[in-house]
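Note sheet for the following structure.
Bear in mind these aren't lab numbers, they're just calculated from the coordinates by the rules spelled out. Just so we're clear, the structure is a prediction, and the values are computed from it rather than from any experiment. Reconstructed Cβ throughout: ideal geometry from the backbone, glycine too, with neighbour counts over all protein chains shown.
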Amino acid sequence: MRKKIVAGNWKMNLNLNEGVELAKELKNILDADKPNCDVVICTPFIHLASITPLVGDLIGVGAENCADKESGAYTGEVSAAMVASTGAKYVILGHSERRAYYHETSEILKDKVELALANKLTPIFCIGEVLEEREANKQNEVVKKQITDALFNLSAEDFSKIVLAYEPVWAIGTGKTASPEQAQEIHAYIRSVVAEKYGKEVADNTSILYGGSCNPSNAKELFANPDVDGGLIGGASLKAENFKGVIDGFK
């Protein structure tokens with residue numbers, strides 16, 4: 001059975017004290033009302049070592065990125081091994097903002113994925129099209145290429161450790177959301193691409209999250225789709241009450 005997951009991506013928000021307070025508040029809320037899915041918070045690097053011991057087994061912790069090099073003279077970079085040493089278990093890779101602003105290519109991402117897996121981190125690997133590609137009806141072509149170029153070098157065993165997150169880039173932070181029908185259609189297509197390469201069993205066990213302006217008011221409807229296994233949540237993950245509202249999409 002594939003996992004249902006709601007993962008928060010804090011992006012470049014919250015100083016250390018604010019992040020610790022949010023993690024504590026979220027833990028208290030989820031202690032009182034246990035979630036029906038796995039819950040993950042992906043935080044800035046400086047928060048990881050402080051937050052991981054606070055949340056225990058109830059909440060998974062992840063980084064928002066890691067380096068494509070193992071170690072060395074790469075000033076300002078943070079390696080997968082460093083992330084893992086904090087107790088974090090997840091890492092977001094290939095987010096559309098990293099692709100757009102920092103020019104991350106599939107070759108770079110391939111290295112990041114391999115280093116994450118070597119350090120026993122679960123990559124939450126992001127794919128998705130921009131508005132022009134959606135308007136040209138090229139979304140399937142785009143996501144297939146992103147998956148193929150960065151992930152299809154992996155063995156079936158290693159691929160089965162990946163969580164995919166579909167982000168319609170045109171819906172991130174814009175208030176626009178893919179309709180539940182659009183989300184289901186492309187999630188089912190992504191699963192079919194995985195099945196073509198690795199077979200039905202691996203595809204059926206791959207969690208595919210939706211990541212485009214998911215919030216407490218639309219989470220239940222989105223998560224009701226058979227191929228939508230949860231969400232990668234941006235803005236709504238920065239307040240415990242809002243994040244809990246999305247998590248409750250599985251109740």
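Taking amide H as placed 1.01 Å from N in the peptide plane, the amide H of GLY128 sits under 5 Å from that of GLU167, each at least 5 places away or on another chain.
Quick one: work out the % antiparallel among DSSP beta bridges in the chain, nearest 5. If you can, show how the numbers build up before the last one.
Working: 0 of 27 bridges.
Given both bridge residues lie in the chain, the antiparallel proportion sits at roughly 0 percent.
Straight-line reach only, C-alpha to C-alpha below 29 angstrom: list the lysines that LYS27 could link to, leaving out same-chain residues fewer than 8 apart. Those lysines meeting the cut-off are LYS3, LYS4, LYS11, LYS89, LYS120, LYS161, LYS220, LYS239, LYS244, LYS251. Short-range pairs are left out: with C-alpha atoms under 8 Å and at least six residues apart, the relative contact order of segment 5-250 is 21 percent. Shape analysis of segment 114-208 places it in the prolate category; the axes a ≥ b ≥ c from the Cα gyration tensor give an a/c of at least 1.5, with a/b above b/c. Highest mean packing first, where packing is the average number of other Cβ atoms within 10 Å per residue, the peptides 185-198, 112-125, 227-240 line up as 227-240, 112-125, 185-198.
Other residues whose C-beta falls under 10 angstrom from the C-beta of GLY230 contribute a net charge of +1, scoring Lys and Arg +1 and Asp and Glu -1.
Just from its helices, what would the mean residue ellipticity at 222 nm be for the chain, if runs of 4 or more DSSP H residues each count -39500 (n - 2.57) and the sum is divided by every residue, rounded to the nearest 500 deg cm²/dmol? Mind showing how you got there, number by number?
Details: 12 runs with 109 residues, N = 251.
Mean residue ellipticity, 222 nm, calculated: -12500 deg cm²/dmol.
How large is the convex hull of the Cα atoms of segment 5-250 per residue, expressed in Å³ as a whole number? Provide the component values of the computation, followed by the final result.
Numbers: hull volume 28.7 nm³, N = 246.
It is 117 Å³ per residue.
Amide hydrogen proximity for THR122: with H placed 1.01 Å from N in the peptide plane, the residues at 5 or more positions away or on another chain lying under 5 Å are TYR90, VAL91.
Classify segment 30-82 as rounded, prolate or oblate, taking a ≥ b ≥ c as the square roots of the eigenvalues of its Cα gyration tensor: rounded when a/c is under 1.5, otherwise prolate if a/b is larger than b/c and oblate if not.
Working: a/c = 3.73, a/b = 2.75, b/c = 1.36.
Here segment 30-82 falls in the prolate category.
For an R0 of 35 angstrom, estimate the FRET efficiency from the Cβ-Cβ distance between LYS161 and GLU18 and round to the nearest 0.05. Working shown, then result.
Details: r = 32 Å, r/R0 = 0.90.
The pair LYS161/GLU18 has a calculated efficiency of 0.65.
Sorted by mean Cβ packing within 10 Å, highest first, what order do the peptides 136-149, 58-71 take?
On the way: 136-149: 16.1, 58-71: 19.9.
Averaged packing, sorted descending, gives the order 58-71, 136-149.
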